[in-house]
Amino acid sequence: MTLAATDPEDITAVTEEGTATAAPPARAHWFRRLLRDRAAALALFTLTLIILGALFAPLLAPFDPASNSRSIMTPPAWSSMGEPQHLLGTDGQGRDILSRLLYGTRLTLLIGFVAVGIGGAIGSLIGLLSAFYARLDPWVMRGVDVLLSFPAILLGLALVAVMGQGITPVIIALAVSSVPDCARIARGIAVGVMKQEFIEAGRAVGLSDLALFNRYLLRNCISSIMIFISLRFGQVVLIGATLSFLGLGARPPAAELGMMASQGREFLLFAPHIAVIPSVLIFVIVLSANVAGDALRDVLDPRLQA
Amino acid sequence: MLRTIIDRLLLSIPVLLGVLLFGFLLLQLVPGDPARVVAGPTATPEIVAQIRQEMGLDRPVLVQFWAYLERMAQGDMGRSMISNKTVTSELGAAVGPTVELMLASLVWSVPIGIAMGTAAAVLRGSLADRVVMGLSVAGVSLPIFFISLLLIQYLGVVWPIFPFIGRPGPWYTPEGFMALFLPALSLGLILIGPVARMTRSSVLEVLKLDHVRTARAKGLSEIRVVLKHGLRNALIPVITLIGLQAGYLLGGAVVTETIFSWPGLGRLVVGAILSSDFTVAQGAVLLFALGFITINLIIDILYSILDPRVRK
């Protein structure tokens, strides 16, 4: 092969083909293999349904999530005391629980997505740079270890103490606490890619660091990194909902699942459904995310099993 | 050995400084003028100025940070903005209950988790293994506030067996022991899953090793092979991983204490944040971070004692 004669663009094509054939053939069908795991398939299906419900909350919700009705603490429609127009009953202020649930899921998922997105992006960049510039590596990883010594809840508490209650400090705390994990994952994947021959080839043809990083390293890592970062989603959602349950995250009148569970606490004795329904939904979301995530990891890379 | 411990101690100094800097910045970043918050809304400008001078807020930031480090070294964290008690005394009263709650939840959940994980590893691929793994994923996915609410509902209200509000006394008194039951049960429940999972993978790893094959070849019974040659060696990583769960336990404690009105650090910090008592909030966050660092330090040292391979 006359590498020296071709221009860098062509090398990208060659190497991309090269890695495609070098990758294990199973990877092409990973999604089908994932669906063969019945628990994972069910989890993915549930998660998709919940995400769709949250996306189309304004269309699906029968009532305004913040408007009160005269029937307070109505049990779900299937019980003898229930009212047919309030399928899951009403809460302590007479708000329709189904509508609040749809909007609440929207906010809970949004907090999770944004936090994992930001934390994942920053963490991956740190991890990739650490693998790319070997000289930086020990320092960066030391810093990551320091960050790792702040539990997410603690960080959340600290930030809320400074910024006041709200969604923004919760998202920042969740994002920051995702950074060290994501940095480690990205570094692990990138170190493997950096050992490949095409990186050396790229250096040999005199590519700039930026081009090498962008075209060779990033492109070959990005999909694996994104999949592994998505594994964090369940935990981030759980911590976010917990912070809101403590009254530190979302503020009324917004609907958020953790906050809804917390508001239902007062009525636990005579209207347990108000607290139980949102709690169960959080459980189902996190469980589905975790089950799907575990299966995904097993399918893609059995070595990373914890 | 000593070398490892000293290295590890030195390594925790920058982390400690980082935590202190963080705590200092926390108070710097508080919206509004801390002097005005302390003085109250009706104070005259003269009083605010006087308080600012007393608090040293008129000096350069670096000088303030140094003064802050000096105060911290003397254990002076200021006074609560609400109760006017010293932060140290507020924290001091809350540490005991939190430690008691954490230990009480570890004491029953870790052995159960280890037993479940070992059983799952030995019976790998069987129904029992799948049940344990399923339970442990479910356990990690359960919001701890939901567990607590269910326990209150069923073991506190429907069958009023256990009290679920406050801490009437320390654990060795009968009332204190009963009151500890539900919070320790709910906090321990979230730990079983991770512990079982770690034990399973650690035991699986060890059972593959040569010495286990030798033990089997010697004709030892399977129970002896698993317990003496497998589990004993597998427990070393499990101990480390339990240390890494300290943050998880800490977060769980914050929630459990709030729900059960347990007078510990978690409830203190949430209450302080919700009532804008910045000095107490900062002190509690610092103490939590300090506790976390200390636990990890102890675990690392323990690890080097238990595992001869780590010693240099």
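The values are calculated or read from the model by the stated rules, or taken from the named source; none is laboratory data. Bear in mind the structure is a predicted one, so any value in this text is a computation, not a measurement. In this analysis, Cβ positions are derived from the backbone assuming ideal geometry, glycine residues included, and neighbour counts consider all displayed protein chains. Side chains included, ligands, DNA and RNA excluded: accessible areas come from the protein's heavy atoms. Shrake-Rupley method; radii C 1.70, N 1.55, O 1.52, S 1.80 Å.
Results, tabulated for the structure shown:
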| item | result |
| --- | --- |
| Cα lying deepest toward the dipole's positive end in the stretch B:2-73, options B:Thr42, B:Leu57, B:Thr4, charges on Cβ | B:Thr4 |
| Mean projected area (nm²) of the alpha-carbon convex hull when the stretch A:178-280 is viewed from all directions | 8.9 nm² |
| Accessible carbon and sulfur surface of the protein assembly as shown relative to its total accessible area, %, 1.4 Å | 67 percent |
| Å² of accessible area per residue within the stretch B:147-198, as computed with a 1.4 Å probe and no ligands counted | 45 Å² |
| Under DSSP loop assignment and at most 16 Cβ neighbours within 10 Å, longest trypsin sites (Lys or Arg not before Pro)-free interval of chain A | A:196-306 |
| Within chain B, helix-based [θ] at 222 nm, where runs of 4 or more DSSP H residues each add -39,500 (n - 2.57), nearest 500 | -24500 deg cm²/dmol |
| In degrees, nearest ten, helix A:97-132 long axis to first principal axis of chain A (Cα) | 20 degrees |
| Inter-probe distance in nm under a simple model that places probes 7 Å from Cα toward Cβ, at A:Leu59 and A:Glu83 | 2.7 nm |
| Amide H contacts of A:Thr90 (H built 1.01 Å from N, under 5 Å, at least 5 apart or other chain) | A:Met73, A:Thr74, A:Ile97 |
| Per-residue mean of C-beta atoms belonging to partner chains within 10 Å, peptide B:134-144 | 6 |
| Dipole of the protein assembly as shown, positive end: most advanced residue of A:Leu212, B:Phe162, A:Leu52 [Cβ charges, Cα centre] | B:Phe162 |
| Chain B - charge dipole about Cα centre, Lys and Arg +1 at Cβ, Asp and Glu -1, debye rounded to 20 | 1460 debye |
| Helix A:38-55 vs. chain A, principal-axis angle (Cα, 0 to 90°, nearest 10) | 70 degrees |
| Global geometry of chain B, whether rounded, prolate or oblate, following the gyration tensor of its Cα atoms and the 1.5 cut on a/c | oblate |
| Cleavage-rule hits, trypsin sites (Lys or Arg not before Pro), the stretch B:1-93, DSSP coil, Cβ neighbours within 10 Å at most 16 | B:Lys85 |
| Loop-exposed chymotrypsin sites (Phe, Trp or Tyr not before Pro) per DSSP, neighbour cap 13 Cβ within 10 angstrom, longest uninterrupted part of chain A | A:134-269 |
| Cα shape, the protein assembly as shown, gyration tensor, a/c 1.5 rule | rounded |
| Chain B: DSSP helices with Cα axial extent of at least 27 Å and average Kyte-Doolittle hydropathy no lower than 1.0 | B:2-29, B:87-122, B:174-207, B:278-306 |
| Per-residue [θ]222 nm for chain A (sum of -39500 (n - 2.57) over DSSP H runs n ≥ 4, rounded to 500) | -21500 deg cm²/dmol |
| Relative contact order for the stretch B:168-303, counting Cα pairs under 8 Å that sit 6 or more residues apart, in percent | 20 percent |
| The stretch B:2-73: C-alpha gyration tensor shape, a/c 1.5 cut-off, then a/b vs b/c | prolate |
| Accessible solvent surface per residue of the stretch B:2-73, calculated while the other protein chains remain in place, 1.4 angstrom probe, Å² | 65 Å² |
